Amino acid sequence: MPLVSTRTKLAAVSALTALGSFAAMGTATAATPQLNGSWAPLDRCPVDAPAMLATDGIDATPQCVVSYSLSGTIKLGNTTVVTGKTNLQFGAVQNLDGTTSVVGTSGSSLIADSATVPGGLMGLMCPSDIPFVTDICRQLSDAKLNKITATMESAGAPSNFDQIAGVVTDQPIVTVPVRIRLQNPFLGDNCYIGSKANPILLRPKNANAPEFGFEVFNGDGTPNDEGSMSRLNLLGSTQYDDSFAVPGASGCGLGWFGVIDAAVNLKTGLPAAAGKNKLVLNNTQTHLAGLFAPGLAAPDAGKVLSQNWHSAVK
């Protein structure tokens, strides 16, 4: 069985650790296929994206990445939200020059359970001395009207990816622009903390090194020590960022001239400068799958990876 080079292992570990660190909240996508065996957690890999299909296995090597966590927290100003299940998936192209290119999924790379904001709308903007907001506060005894859900969404492509930082602790691995959507009947459909033009820039770091595992399997996902596919597993790391700034809320309150925005920002302490906010992801589970010996599939490594992934669909 061919050996994996030290350089290949280092690049893969770096990508896994970094990409796992920003698996925060996201928006749901359409139903995904079920995959067999070792492919199972990688059910949204963009194997048919042009950038993945074009890889040759020598100058550019395609890989599938998933990173997920069952729990975590994100603190924005004066408000801390407990996150639920989170899942991030996309493709990673390892280039011969040592850089890594990220390939997003056709839908949303981030999906997650909605998170409930503690205290709801009452906690975000009441009490208030703004007359219009005071009228709303009087109606919030109804639990349905008070409840707020928060969902983190991608606000642009990741950047500043540092492979070396991915295998050490306390070093920024990648910059991830996000925005947080707040949903409540009084807030309307376009209430966000951050925006695509002015996003929250997360720069996650490793608090501890994950446990490392390696497995080999057939193209269809069945275990085989002599198979053509491999998967790296990085398990159990806690990842965090406490260096990001958070802009104020905007678009809230059905266009009521910004009074809801002002009330939310005043109570929650937004905008909040760097050092007043923090992201923590618990027990992150990250997997990266690719061709075990991609050079053997040259110049069609990307096409072979795609064929293997599709052969694993149940």
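The values are calculated or read from the model by the stated rules, or taken from the named source; none is laboratory data. If you're wondering where the values come from, they're calculated on a predicted model, not measured in any experiment. Note: ideal-geometry Cβ built from the backbone for every residue, glycine included; neighbour counts use all protein chains shown. Heads up: the accessible areas ignore ligands, DNA and RNA and are worked out on the full protein's heavy atoms, side chains in. Shrake-Rupley method; radii C 1.70, N 1.55, O 1.52, S 1.80 Å.
Skipping prolines and chain starts, which residues have an amide H placed within reach, meaning under 5 Å, of the one on residue 83, given they are 5 or more residues away or on another chain?
Hits under the 5 Å cutoff: 72, 73, 74.
Which of the DSSP-defined H helices in the chain satisfy a minimum axial length of 20 Å, computed from C-alpha atoms, and a minimum mean Kyte-Doolittle hydropathy of -0.5?
6-20
Which of 131, 247, 204 ends up with the largest GNM mean-square fluctuation for the chain, with Cα atoms connected below 10 Å?
Of 131, 247, 204, the Gaussian network model singles out 131 as fluctuating most.
Counting helices only, and only those DSSP H runs with n ≥ 4, report the 222 nm mean residue ellipticity of the chain as the sum of -39,500 (n - 2.57) divided by its residues, in deg cm²/dmol to the nearest 500.
-5000 deg cm²/dmol
Would you mind calculating the relative contact order of the chain from Cα pairs under 8 angstrom and at least 6 residues apart, reporting the percent as a whole number?
Reported relative contact order: 26 percent.
Excluding residues on the same chain fewer than 8 positions from residue 196, give the lysines whose Cα lies under 26 Å from its Cα.
Residue 196 reaches 75, 85, 147, 205, 267, 276, 278.
Most mobile of 140, 232, 121 per a Gaussian network model of the chain (Cα springs, under 10 Å)?
Maximum among the listed residues: 140.
Out of the total accessible area of the chain (probe 1.4 Å, heavy atoms of protein only), what percent is carbon and sulfur?
56 percent
Taking only protein heavy atoms and a 1.4 Å probe, what accessible area per residue, in Å², does the chain have with all protein chains in place?
That works out to 43 Å² per residue.
Grab the other residues whose beta carbon is less than 10 angstrom from that of residue 297, score K and R as +1, D and E as -1, and report the net.
-1
Tell me which label goes with the value of Cα extents along the principal axes in Å computed from the coordinates here: [x] 96, 41, 37; [y] 73, 38, 29; [z] 51, 42, 40.
[y]
Most mobile of 187, 96, 124 per a Gaussian network model of the chain (Cα springs, under 10 Å)?
So, out of 187, 96, 124, the one fluctuating most is 96.
Just flag the chymotrypsin sites (Phe, Trp or Tyr not before Pro) in segment 196-268 sitting in loop per DSSP whose Cβ has no more than 11 other Cβ atoms within 10 Å.
257
Cα centroid distance between segment 94-156 and segment 172-250, in Å?
Answer, in whole Å: 16.
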